[in-house]
Structure formats: C-alpha cells, structure tokens
Number of protein chains: 2
Amino acid sequence: MTKQRRPGASKHLGEAGILARLLTHVPGGDRVEVGPGDDAAVVDLPGTRLVITTDTMVEGFDFLAHTTCPRWIGHKAAVQNLADVAAMSARPIALVAAVSTPAGTPADWFEQVTEGLTRRAGEDGAQLVGGDLGRADRPTLTITAVGVLREGERAVLRSGARPGDVLAIGSPALGRSAAGLAAVLSGRVQVKGDGTVVIAPGKGGNPAPPSHHATTPLDPALNTQLEGLVAWHNAPDPDLSLGWTSGRAATAMMDLSDGLVRDGGRIAVASGVQVDLHATALGGDVDALAVSASALDADPWDWVLHGGEEHAMLATFAPGAVPQGFRVIGVIREHVGQSAPRVLLDGEPISGEGFDHFG
Amino acid sequence: MTKQRRPGASKHLGEAGILARLLTHVPGGDRVEVGPGDDAAVVDLPGTRLVITTDTMVEGFDFLAHTTCPRWIGHKAAVQNLADVAAMSARPIALVAAVSTPAGTPADWFEQVTEGLTRRAGEDGAQLVGGDLGRADRPTLTITAVGVLREGERAVLRSGARPGDVLAIGSPALGRSAAGLAAVLSGRVQVKGDGTVVIAPGKGGNPAPPSHHATTPLDPALNTQLEGLVAWHNAPDPDLSLGWTSGRAATAMMDLSDGLVRDGGRIAVASGVQVDLHATALGGDVDALAVSASALDADPWDWVLHGGEEHAMLATFAPGAVPQGFRVIGVIREHVGQSAPRVLLDGEPISGEGFDHFG
C-alpha cells in the first residue's frame, strides 16, 4: 500500500536518477511519437493488426540472481516476449517493461537490465517505449511486446499443421538451455555481475564438500562448453526474424519454450494431428552435448527432447517447402484414436521422466 | 528457477482449470482475430498509432489483501492503465494481464480478479486479449493497456498548457481515494471477499483495545460514507471516456494519480508554466469529506490537494473552451523565476506535510 502510485514508491531508489540513466539506453526513433515521460507512449503503426503478448520473470521462480547477471535478465525477458510475437509471423515493433525491485537495488542493476533488453530488442527492430518502476520483495520483470501484421498478412497459428507436413526448427542446436539449466542446478556455477561464468570442478550433483567427494580438475574444453551453455540458458539468442520472414510460409508455428515434446504436443493438439520426431535429425544435437551431459550425469536426449527456453521458431511446412533457416526434425501424421500419443520418436511413444514430468 | 516457463510453473494451481474459468470472462469480439491460447493475441487496429502503457500492483506494496477484494483488485488495475491511455486522448482497445501468485491461490481469486478487470475495461470498450499466469511470493498484477489514435488525431501531452488556460478536472469529487486510504490505514476497516466493508467503531488511529479508549458507536451516515470511500479507494470509477471525447480539446492532459499538487506540478514543469488552484472551486470537495475527516482525525484539504489514485482526467483548456464533464479548479500562469513554486493555491504557496511529503 502506498500513498502514492508506484513511481512515487520507487522514489526510494532515486527514481529520477535511475530513469535518467535508463533513458540513455532508450533511443528515440522515427516510429516513436511519444516516448517515456508522459502517461503512455505513442508509436506509429506500420500495419493494421496488433500482435501483443506479455510475460513475467520473478527472481527465485524464473531465474536465480547468483547464476545470471542483470544484462542477461533483460536479454532473456526481451527474447521470451519477442519470440511470441515472431511466432505469430509478426514483426515486433515495441516493448514496455514493468520492473519491480526491493528497496536499495543499485542503479547499475536497472541500467544493465535495460541495456540487455534494449540491445536484444533492437536487433529485432523493436524499441523499448515505456515502463513502470516499483517496489517488490524480489526483482520482477513483466515485459509486453507488440508487433504488427499488415493488411493481407496472416497470423501463423498453432492450429494449421496438416498430415504430410514436416516439422522444422529454426535453430542449429537444441537442448542448450536445458543443459545450461542443469549446470546451474548442479550448484557448481557462479555468474559474476559482468556475465563471467565460474564453474567449480567436481563430479555432478550439488557442490561437493571437499572432503567427501573426489573432484576432478575441469577439462578446459568442457569448461568452455559449460560456460557457453550457462550463458545460452540465461540469455538465449535464437534467430527470431525467421518468424516474420521465411516462417510466414509455415502452416503452424510457435516458439520452442517448453521443449520439443511438450510444444510439439501443443501444435499436435491445436491442429488435431500427431507429431513424429526423427531421431537421426536430432542426433547431432545430442552428440554436441554428450561431454557436458556426462560431466553432469545427465542424459542429453532429455535435454534435446524436453528442454525448454530455446525460443527458436518451431514450425510446420508443406513437404518440400521448408525455407532457409529451418531444418526438418519430424513429420506430421494423422492422429488416429483418441488415446494415441500426440508426439512420437521414430514412430514410437516417448517414455522417460521428461515426458511424464512435462506431460 | 523453473524447468518450464511460467505457464508450466502454474500447473500447481491447476492452470488449465483456472484458465478455462477465466476465459468465460473474456468475450470474443469483432476486433479480436486471435484471443488467448496461441503465442500472442492479434487485434484489429482502428487507427494508425498505438498508445501503450504498463503498470504493476504488488500486494503489500500497492494494495493490502485484507482491505480490498479480488474483484476490486482487477477493477483498479484496469482503471490505472486505461486512465493512462485515456489521458493521451486515445480510446483504449485491449489489455493483457500478467498475474503471478503464491502456490495454492484459489481459482476463485483469479476468476474474480479477471471479472473485475474485464467488466471495468468493457465499460470503456477495451478487451482483455491475453496474459500470463505464474508464481510469486505475493499476488502481483501487471497490466498493459493499448489504445489507438487515428490519422490526424493528436495525442494530448502534459506539455501543452499555456498561460491563460484554465485547469479542469473530469470528476465531481476529489479526495475520495485518499480518504478511503486513510480509513484503511486507520486499521478499522476490513473488507470481505465479496466487497462488503466492515468498519469498526472507534476514535481515529489504530484499532482501540476495548479497555483503553472510549469508543463511540458509528453514526450510520458516517459508516455509509466511509464504506463508499473505502470502495472508491480500492476500485475508483472515474469517467475515463472524457479523455478520448471532450478531452481531445485539452491543451494538456494527464490522469490524476498522485494528487492535484504533484500532478499539477508535472503539467506545470512539462509545459513550463505555473498552476494556480482556486480554493473556492475545491471547497465543495472538502466539505463533502468533512465528517469522515473528523472521524479519522484528518484534514480534508490534505485529501483534496494531495490525494492520489483518483485517475480522473486532469486537463487544461483555452479559457472559455472547457467542455462538458470537466469543471474548472484553477488557472495556468506564467512561471516567473526558477525558484517560484509550480503550484499555488489562490496565489499562495502550498505548505503543509502533504506537499513536502509528495514534493
């Protein structure tokens, strides 16, 4: 409860000073008629239909402060939301950010979050145009992203996949975010404020008390791979432009946020079809993660099949019409019988913890 | 940190069931091409420029659970955001809602918040088109509202007030939200889940232990007024349509969120002018609150001058051009000398705790 609205509440953080620093990361633009500072932002619309999505990240639930850094938090918040706009085959144009933090959060934190957000958004042509600063017990970011579709441009939904279509992914490597999450959850990862990843040597599991477990010095190549995976988990960097460029030809599309099996299942349910994943098409993804999986006592197939937060474009196309940037990883079949699984791997049901957990 | 994105996290709340109930409050509409359920919503745009704003409410910081009810929380979240769109003289068209709650929050809570939100938004022609459910320690709502301006329609900014203009408010009574807040903070107010307000008798201050203070039975008329003020604080109901109808003629406009002195000062600073409030024009507002102010040991002038969260349209107009729905409460003067106050009352600086506190 405040006597003032939230901008007043964040006076405690030195709102004016913080805002002034944040705004150095918010460039104006031809399309921005009114930017931050008035009641709302005004943005010129190069289209006739608005595409809009919103998503919240709460520290402790959606990320852990000590295993990420402010710049990555902003980056990931941007990607999560821009991916939803892209997955409708719409070009993102603007974002607003509501940021709530405990009292005493340093101005640097806000600035770096904003920098990560605006930089990644800028790569996709979207601008931060407004926001709200306020108080909360834990750092909390809610981003809303908007995009547009012009007259005659259709939104690509999840429901358009047809038997005979192929399933394709707009990413060269799957499972990286899940692998990075596993590294983070191993307790061996610490991330410094500037994004430097420090990985303690050790054998899987939680941090080993020195006297209890034998630790093995970390292979430099493994160390580098784990660093990259932790960075990818915290700041995934998919090519979202596929959504509003070649992805426009898709019969169905979504972004890969909860893993191939779960998200493939969503397309299957929405379209009334069945997805059959090709193991050979995913073998390279699995092999690339084998060393890290071994170090973390994990099954790389779990990461590739069930790992989420990649935010790459997952789409179906008519056979023979798969555009550049996408690679085929499965096929769409008729869904025969109510109890038939929605997602198969080489024609077989997918078993294992991952599927039960997410299903 | 979750292995899944937030929709997965809220599985614990029975997401599918909760969503199904929420969606009964989300009517479709001619303008909604894609509603909830896909990656993003798609909304037809009856204009060429987008007006967008976002605002967060966190339980314990922006409202207190035991002094409001879920329907009011949704209502107030809608009003706060729609008011910002209206204050740009734009007609709101859509909202998205990101709602984060502790595990175990009952489905009723979500449904009533959604009902309060959609009902109030619907009165202004705006539809809830999407959202995000997730976990947090405290109930947290972030609403993003969007509106449109057509070709040739200008956004009314805070910066257009000119000396000689009059200051007007689109509300019949000011200070009600602040008075309701004072009642809430007195500790004598309890609000039941259905919005019933219970006010304990007593003399000001915190709840009086029975043996320590003489309590006076509550005058029924006072009780009714306090109930109304508490309801108005929790669910203010200003006429926002003034913003995109007669308010279009304003030279400057904003919504009254932080009190006349603070918000008048914002218009003054943005426009490079000085605001002189008329005491006689505010006398009726003050008189209407006198009985409650006496019961709560408060100065009703503080509520009227410094009370926020009314969200009525505060606007300046050329003299003689004040449209229906607005009443004149002051005049715009030249701001002479850097150290001159931005806001006066009958030509005199405004002193008192309120101003220092908010200034």
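The values are calculated or read from the model by the stated rules, or taken from the named source; none is laboratory data. Being a predicted model, the structure only gives us computed values, none of them experimental. Cβ: placed from backbone, ideal geometry, glycine included. Neighbour counts: every protein chain shown. The area values use the complete protein model at the heavy-atom level, side chains included, leaving out ligands, DNA and RNA. Shrake-Rupley method; radii C 1.70, N 1.55, O 1.52, S 1.80 Å.
Just name the residue that is most open to solvent (accessible area, probe 1.4 Å) out of those in the stretch A:144-197 that are without any contact (Cβ under 8 Å) to a residue 60 or more places away in the chain and more than 11 Å from chain B (Cβ to nearest Cβ).
Among residues in the stretch A:144-197 that are without any contact (Cβ under 8 Å) to a residue 60 or more places away in the chain and more than 11 Å from chain B (Cβ to nearest Cβ), the one most open to solvent (accessible area, probe 1.4 Å) is A:152.
Residues in the stretch A:256-301 that are under 15 Å from residue A:168 (Cβ atoms) and hydroxyl-bearing (Ser, Thr, Tyr): A:271, A:280. Residues in the stretch B:63-78: is at least one within 23 Å of residue A:145 (Cα to Cα) and part of a strand (DSSP E or B)? Within the stretch B:63-78, not a single residue is within 23 Å of residue A:145 (Cα to Cα) and part of a strand (DSSP E or B). Go through the residues of the stretch B:79-98 one by one and say whether even a single one is open to solvent by 10 Å² or more (accessible area, probe 1.4 Å), under 20 Å from residue B:46 (Cβ atoms) and not hydrophobic (A, V, I, L, M, F, W, C). The answer is yes, given that some residue of the stretch B:79-98 is open to solvent by 10 Å² or more (accessible area, probe 1.4 Å), under 20 Å from residue B:46 (Cβ atoms) and not hydrophobic (A, V, I, L, M, F, W, C). Checking each residue in the stretch A:16-46 for being crowded, with 18+ Cβ neighbours inside 10 Å, in a loop (DSSP other than H, G, I, E, B) and touching a residue at least 24 places away in the same chain (Cβ under 8 Å) picks out A:25, A:26, A:35, A:40, A:45. Filtering A:316, A:280 for residues that are over 24 Å from the mean Cα position of the chain (by Cα) and outside any loop (DSSP other than H, G, I, E, B) leaves a single hit, A:280.
Residue B:10 satisfies every condition listed in (1) within 12 Å of chain A (Cβ to nearest Cβ); (2) at pLDDT 85 or above except (2).
Looking at the stretch B:110-120, is at least one residue within 30 Å of residue A:49 (Cβ to Cβ) and facing chain A (nearest Cβ under 10 Å)?
In the first step, residues of the stretch B:110-120 are kept if they are within 30 Å of residue A:49 (Cβ to Cβ); the result is B:110-111, B:113-120.
Those still in the list that are facing chain A (nearest Cβ under 10 Å) too: none.
No - not one qualifying residue is present in the stretch B:110-120.
Of all residues assigned to the stretch B:129-137, none qualifies as being more than 24 Å from residue A:81 (Cβ to Cβ) and assigned by TED's automatic domain parsing to the domain that holds residue B:42.
If you check residue B:295 against the conditions, is it at pLDDT below 95 and not β-branched (Val, Ile, Thr)? Steps first, please.
Working: at pLDDT below 95: yes; not β-branched (Val, Ile, Thr): yes.
The answer is yes for residue B:295.
The residue list B:307, B:330 contains one member that is open to solvent by less than 10 Å² (accessible area, probe 1.4 Å), farther than 25 Å from residue B:76 by Cβ and small (Gly, Ala, Ser), which is B:330.
Using the structure shown, decide if residue B:132 is crowded, with 24+ Cβ neighbours inside 10 Å and within 10 Å of another protein chain (Cβ to nearest Cβ). In short, yes.
When the residues of the stretch B:55-72 are narrowed to those that are aliphatic (A, V, I, L, M) and open to solvent by less than 30 Å² (accessible area, probe 1.4 Å), which ends up farthest from the other protein chains (Cβ to nearest Cβ)?
In the first step, residues of the stretch B:55-72 are kept if they are aliphatic (A, V, I, L, M); the result is B:57-58, B:64-65.
Within this subset, residues satisfying the condition of being open to solvent by less than 30 Å² (accessible area, probe 1.4 Å) are B:57-58.
Working: B:57: 8, B:58: 5 Å.
So the residue we want is B:57.
Report yes if some residue within the stretch A:277-299 is open to solvent by less than 30 Å² (accessible area, probe 1.4 Å) and under 18 Å from residue A:335 (Cα atoms); otherwise report no. Within the stretch A:277-299 (the criterion being open to solvent by less than 30 Å² (accessible area, probe 1.4 Å) and under 18 Å from residue A:335 (Cα atoms)), the answer is yes, since at least one residue qualifies.
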